[in-house]
Amino acid sequence: MVGLVRTGTKNLRNLAVTVFFLTAPIFFAQANNVEEDSTETFKPGEMIMHHVQDTHEFHLWGELAMPLPVILWTDHGLDVFMSGGFYHGDGTVETSKGSYVMHHEKIYYAGVHGGEHGEAEEVHAAMPLDFSITRNVFSLLMSFALISWLFISIANSYKKRGSKSAPKGAQSFFEPIILFVRDDIVIPNIGEKKYEKYLPYILTLFFFIWINNLIGLVPFFPGGSNLSGNIAFTFTLSLLTYIIVQFSGNKAYWKHIFWMPGVPVPVRFILAPIELLGTVSKAFALMIRLFANITGGHIVVLSLASMVFLFKSYIVGGVVTPFVLFIMVLELLVAAIQAYVFALLTSLFIGMAVADDDHH
Amino acid sequence: MTTIPGIAAGLAVLGAGLGIGRIGGSAMEAIARQPEATSKIQTAMIISAALIEGVAFFGVATALF
């Protein structure tokens, strides 16, 4: 009896799969017809790149976008205006200090050619220095305010109640995480004696990366900018780590780089440049890892979502939606893991730089 | 041509997948042998996986950009 039921459900499942694969082409075929009819075809590559890159406006929904301030340092001094003009009309913005065009989110002086046609190929003009509040800068300022408010309020509640009494509210959520960073990341890698100097930096790093990763995963307005997947952002963080590691390096650290003990003298000359390059490549790998993980996650989610618009079918939508949900949940995990890995590797590198030279 | 960079990126990912798979498998075996050392093994596992991943990203980045 049980066997019969089992074969019954198996047959049913086989039937469902067969029906799906038989009917799916019909829907795809319909989708193809629709696509030929419509004049404007959907280009997933362009959509994804637009979402992953930095922009001068903040897209809200549909056709609606929030213009952001453009701040330019031009030949005639500072020039500040809103970015709306670049996205509407002929795309040329004229102010009292000059006129500008934008091409692939880069702002140029509108030249003799570019001013009238605004065409991409004709823009060879020089670029003003761009200090605009772009989408990523907006997101950065927002997360800066959020993190400052959150952690200053937590610090104040420790000041008010003392570190011995039971934590309350946000304090009780963040205290285990802060203790985790201290006890499982910083102390095992840097050591009991020297960790206190570096703990604030690594805590800041951990929460800054984590919260910005999470803000990047929010699919609607205040979130959604790919800030922690921006190479300039990750470059700055890894540069800070690099500088801190080099400046906290003790005598043994530099000795192991330039004059490796226990190695024949001719080999030391070969090892020195390799070790010197190794200090840079560690920071470089930190930069690339965070950038590629976060940008890759955004691209995967957007590619899956754009399948719906490519095929224009309910069946594809029904299949893709759970997949997108799965990847989004995975990205929540990746957001925490990347913050953990960045903090862990930073404390590991600092620990290597400050380690006592006991074993020789 | 977009085929050859694609194949190169795929090969880089293949290598990283093999490497991280070996790390994960060995870590599982190690944890099964010594469950009390789980946290230490996990930390070492994540560090080495992150290092391999970094190399894989070099491969993918140079292939695609």
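The values are calculated or read from the model by the stated rules, or taken from the named source; none is laboratory data. Owing to the predicted nature of the structure, the values given are computational and were not obtained by experimental measurement. Positions of Cβ are backbone-derived with ideal geometry, glycine not excepted, and every protein chain shown enters the neighbour counts.
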- Any hit, region B:49-58, residues being touching an Asp or Glu at 6+ places or on another chain (Cβ under 7 Å) and either assigned to a helix (DSSP H, G or I) or surrounded by 12 or more Cβ atoms within 10 Å (Cβ to Cβ) (or both): no
- Query: With respect to residue A:325, is the statement that it is more than 14 Å from every other protein chain (Cβ to nearest Cβ) and touching a residue at least 12 places away in the same chain (Cβ under 8 Å) true?
  - Reply: no
- Task: Run residue A:157 past the list (1) within 30 Å of residue B:61 (Cβ to Cβ); (2) touching a helix residue (DSSP H, G or I) at 6+ places or on another chain (Cβ under 6 Å) and report the number of the one that doesn't hold.
- Result: (1)
- Query: If you go through region A:308-321 one residue at a time, do you hit one that is part of a helix (DSSP H, G or I), free of Cβ contacts under 8 Å to residues at least 24 places away in the same chain and either under 21 Å from residue A:210 (Cβ atoms) or in contact with a Ser or Thr (Cβ under 7 Å, 6 or more places away or on another chain) (or both)?
  - Reply: no
- Message: Just to check your reading of the model, which residue among A:285, A:339, A:292 is within 14 Å of chain B (Cβ to nearest Cβ), touching a Gly at 6+ places or on another chain (Cβ under 7 Å) and under 28 Å from residue B:9 (Cβ atoms)?
- Response: A:285
- Message: So, residue A:33, is that one more than 34 Å from the chain's Cα centre (by Cα), on the phi < 0 side of the Ramachandran plot and modelled with pLDDT under 50 or not?
- Response: yes
- Note on the structure: Residues in region B:9-47 that are more than 12 Å from chain A (Cβ to nearest Cβ), part of a helix (DSSP H, G or I) and not hydroxyl-bearing (Ser, Thr, Tyr) total 24
- Item | Residue check for residue A:267: assigned to a helix (DSSP H, G or I) and more than 14 Å from chain B (Cβ to nearest Cβ) | yes
- Query: Could you give every pair whose Cβ atoms fall below 6 Å, whose first residue belongs to region A:44-70 and is closer than 21 Å to residue A:141 by Cα and not assigned by TED's automatic domain parsing to the domain that holds residue A:312, and whose second residue is surrounded by 14 or more Cβ atoms within 10 Å (Cβ to Cβ) and among the acidic types (Asp, Glu), counting only separations of at least 6 or pairs across chains?
  - Reply: A:55/A:105; A:65/A:57; A:67/A:57; A:68/A:57
- Cross-chain or 6+ apart pairs with Cβ under 7 Å, region B:1-28 first and within 10 Å of residue B:64 (Cα to Cα), then at pLDDT below 90 and loosely packed, with under 14 Cβ neighbours inside 10 Å: B:5/B:64; B:9/B:64
- Of the candidates A:296, A:249, A:229, the one satisfying the condition of being farther than 23 Å from residue A:52 by Cα and either surrounded by fewer than 17 Cβ atoms within 10 Å (Cβ to Cβ) or in contact (Cβ under 8 Å) with a residue 24 or more places away in the chain (or both) is A:249
- Residues A:92, A:134: which one is β-branched (Val, Ile, Thr), touching a Ser or Thr at 6+ places or on another chain (Cβ under 9 Å) and at pLDDT 80 or above? A:134
- Filter region A:270-280 for residues that are free of Cβ contacts under 8 Å to residues at least 24 places away in the same chain and surrounded by 13 or more Cβ atoms within 10 Å (Cβ to Cβ); which is nearest to residue A:353 (Cα to Cα)? A:275
- Task: Read through the list (1) among the hydrophobic types (A, V, I, L, M, F, W, C); (2) within 14 Å of chain A (Cβ to nearest Cβ); (3) in contact (Cβ under 8 Å) with a residue 12 or more places away in the chain, then give the number of the only condition that residue B:50 fails.
- Result: (3)
